[in-house]
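Peer 1: Dropping the structure in here first, questions after.
The values are calculated or read from the model by the stated rules, or taken from the named source; none is laboratory data. As the structure is a computational prediction, the values presented were derived from the model and not from experiment. These accessible areas exclude ligands, DNA and RNA; they are computed on the full protein's heavy atoms, side chains included. Shrake-Rupley method; radii C 1.70, N 1.55, O 1.52, S 1.80 Å.
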Amino acid sequence: MIRPLVRPVAGPATSLGQGGPQRHGFWLRPIGALATGFLLSAAVIFALTLGIGAAVGVPLVPSTFRLLGAVALVLVLCGFEIAALRGKTVCRLSWRRQTPKNLIYKYGPVRGPLLWGLDTGLTVTTFRISAATWATLGLALLQLAPVWTGVAYGIGFAAPLAAATVLPRWRPPLADGTIHEPHWIAVALSRRLWVPQAINLVVMVAVLALIVNRMF
């Protein structure tokens, strides 16, 4: 989505919906818009989750019970993660929906990625590869996650995305000057879902150990 087929030289309207010449580094705009939208949504959803927890009186619950609830939550989600790993699929605990990838064609190289980021950053509006997202939201609801969790979550998405878009070398341009997005990145990720899932499982187990240690 971020680096669709484009023409870096003057010519007819491109697939980004913009005609005329493209300046060097033009793709930084959609990356920035996408990252901004994701960061905003992630910050809002986690702040909202923390606010809901505070509003219903979760902070008044003794910390021991909240920690026990966190242990139970993370254990259940570790089970979902193991099931996804064994089944070689994404987390089953998610809405089976993906953000429309044609937004950039409908709304242009800035508004399209911004909308894409705003949708995806809400975390619960699309499918989840890992159950770790739910664990993080649950800890926020239990008032066991810091207020900057949403910002950290957003940066954790935006930074690798920007690196994956900017750093890989472009393929040689075609005769008409058209250059292609490196689709091998998406292909490699889809074929190795177990890698981020295994990492997230290790992280959740580490969080579980920290919670248990805090209880004692």
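Peer 1: What do you reckon, how do 204, 215 stack up by accessible area (1.4 Å probe), largest on top?
Peer 2: Working: 204 5, 215 60 Å².
Highest to lowest solvent-accessible surface, that is 215, 204.
Peer 1: Still on this structure, please answer the following. When only the heavy atoms of the protein chains count and the probe is 1.4 Å, how do 107, 153 rank by accessible area, highest first?
Peer 2: Output order, biggest surface exposure first: 107, 153.
Peer 1: In addition: Solvent-accessible area of residue 157, probe 1.4 Å, all protein chains present, reported in Å² to the nearest ten, please.
Peer 2: Here the residue's solvent-accessible area equals roughly 60 Å².
Peer 1: Further question: Determine one quarter of the surface area of the Cα convex hull of the range 60-173, which equals its mean projected area, and express it in nm² to one decimal. Display every interim value, and only then the final one.
Peer 2: Working: hull surface 39.5 nm².
Its Cα hull, projected and averaged over all orientations, spans 9.9 nm².
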